[in-house]
Amino acid sequence: MPVLAPVRIGLISVSDRASQGIYEDLGLPALQTWLDEALVTPWQALTRLIPDEQLLIETTLIELCDREDCALVLTTGGTGPSPRDVTPDATRNVAHRVLDGFGEQMRAVSLNFVPTAILSRQIGATRGRTLILNLPGQPRAIKQTLDGVFAAVPYCIDLIGGPRLETRSEVIVAFRPKK
């Protein structure tokens, strides 16, 4: 039986201050921890810590989707209403399709925890065979959001022609329609 290469997953933390070393980035470790706990499928993280610069975010997304062949790209940070929060704008600019349901569900999940979730501009989108999700910046919010939406992620990746992701059912049950 052939050994399959690990699924490539891009992880981007968008933060001016963390990228400058002013404080420690907590977004990338939170994403890696959640995925390590949730995925059975072997995976490889391709991480990037970048400032809130729209062109750089766009370039990084394109690199991870097109050149690095990531099946999934998760961003953390830069989804609020402040002028420097441009992650969703960059994602829209490089997306082939926006999947409105992901953004709606991410905000609905977050509203169970904080009333300011209505300020979030998180989106889900595809670029080629890659699913991109914009997540909040705080580790606890990252976990809450992934707990609330990830059940749909493996099937979405199936539908866009990506590799099969299997999850640990005690963490998250991936939904796939019965055949």
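Applying a threshold of 9 Å to beta carbon distances and a minimum spacing of six or more residues, or different chains, the list of pairs starting in the range 49-74 at a residue that is without any contact (Cβ under 8 Å) to a residue 60 or more places away in the chain and part of a loop (DSSP other than H, G, I, E, B) and ending at one that is of a type outside the set (A, V, I, L, M) and buried (at least 24 other Cβ atoms within 10 Å of the Cβ) reads D52/G77; D52/G78; D52/T87. With respect to (1) touching a helix residue (DSSP H, G or I) at 6+ places or on another chain (Cβ under 8 Å); (2) farther than 24 Å from L39 by Cβ; (3) open to solvent by 20 Å² or more (accessible area, probe 1.4 Å), the lone exception for R168 is condition (2). Every test in (1) closer than 24 Å to P139 by Cα; (2) touching an Asp or Glu at 6+ places or on another chain (Cβ under 8 Å); (3) of a type outside the set (S, T, Y) is passed by N93 save one, and that test is (1). Among the conditions (1) touching a Leu at 6+ places or on another chain (Cβ under 7 Å); (2) farther than 17 Å from E166 by Cα; (3) free of Cβ contacts under 8 Å to residues at least 40 places away in the same chain, the only one that A45 does not satisfy is (2).
Say whether the condition of being in contact with a strand residue (DSSP E or B) (Cβ under 6 Å, 6 or more places away or on another chain) and touching a residue at least 24 places away in the same chain (Cβ under 8 Å) is met by at least one residue in the range 105-116. Scanning the range 105-116 turns up no residue that is in contact with a strand residue (DSSP E or B) (Cβ under 6 Å, 6 or more places away or on another chain) and touching a residue at least 24 places away in the same chain (Cβ under 8 Å). Scanning the range 129-157 for residues that are open to solvent by 40 Å² or more (accessible area, probe 1.4 Å), part of a loop (DSSP other than H, G, I, E, B) and either among the basic types (K, R) or in contact with a strand residue (DSSP E or B) (Cβ under 8 Å, 6 or more places away or on another chain) (or both) gives a single hit, R129. Annotation for the range 80-92: at least one member residue is on the phi < 0 side of the Ramachandran plot, outside any helix (DSSP H, G or I) and without any contact (Cβ under 8 Å) to a residue 24 or more places away in the chain.
Taken as a whole, the structure leaves T126 outside the set of residues that are open to solvent by less than 20 Å² (accessible area, probe 1.4 Å), modelled with pLDDT of 95 or more and outside any strand (DSSP E or B).
Considering the range 14-51, and only residues there that are closer than 18 Å to F150 by Cα and among the small types (G, A, S), the residue that is most open to solvent (accessible area, probe 1.4 Å) turns out to be A45.
With the requirement that a residue be touching an Asp or Glu at 6+ places or on another chain (Cβ under 6 Å) and either assigned to a helix (DSSP H, G or I) or of a type in the set (A, V, I, L, M, F, W, C) (or both), what does the range 1-48 give you? Scanning the range 1-48 gives V14, D16, A18, V40, L46. Can you say whether G103 is touching a helix residue (DSSP H, G or I) at 6+ places or on another chain (Cβ under 9 Å), open to solvent by less than 20 Å² (accessible area, probe 1.4 Å), outside any helix (DSSP H, G or I) and closer than 16 Å to L135 by Cβ, as far as the supplied structure shows? Against the criterion (touching a helix residue (DSSP H, G or I) at 6+ places or on another chain (Cβ under 9 Å), open to solvent by less than 20 Å² (accessible area, probe 1.4 Å), outside any helix (DSSP H, G or I) and closer than 16 Å to L135 by Cβ), G103 does not qualify.
The values are calculated or read from the model by the stated rules, or taken from the named source; none is laboratory data. Quantities reported herein were computed from a predicted structural model and do not represent experimental measurements. FYI the Cβ positions are ideal-geometry reconstructions off the backbone, even for glycines, and counts take in every protein chain you see. Keep in mind that these areas ignore ligands, DNA and RNA; they rest on the heavy atoms of the full protein, side chains included. Shrake-Rupley method; radii C 1.70, N 1.55, O 1.52, S 1.80 Å.
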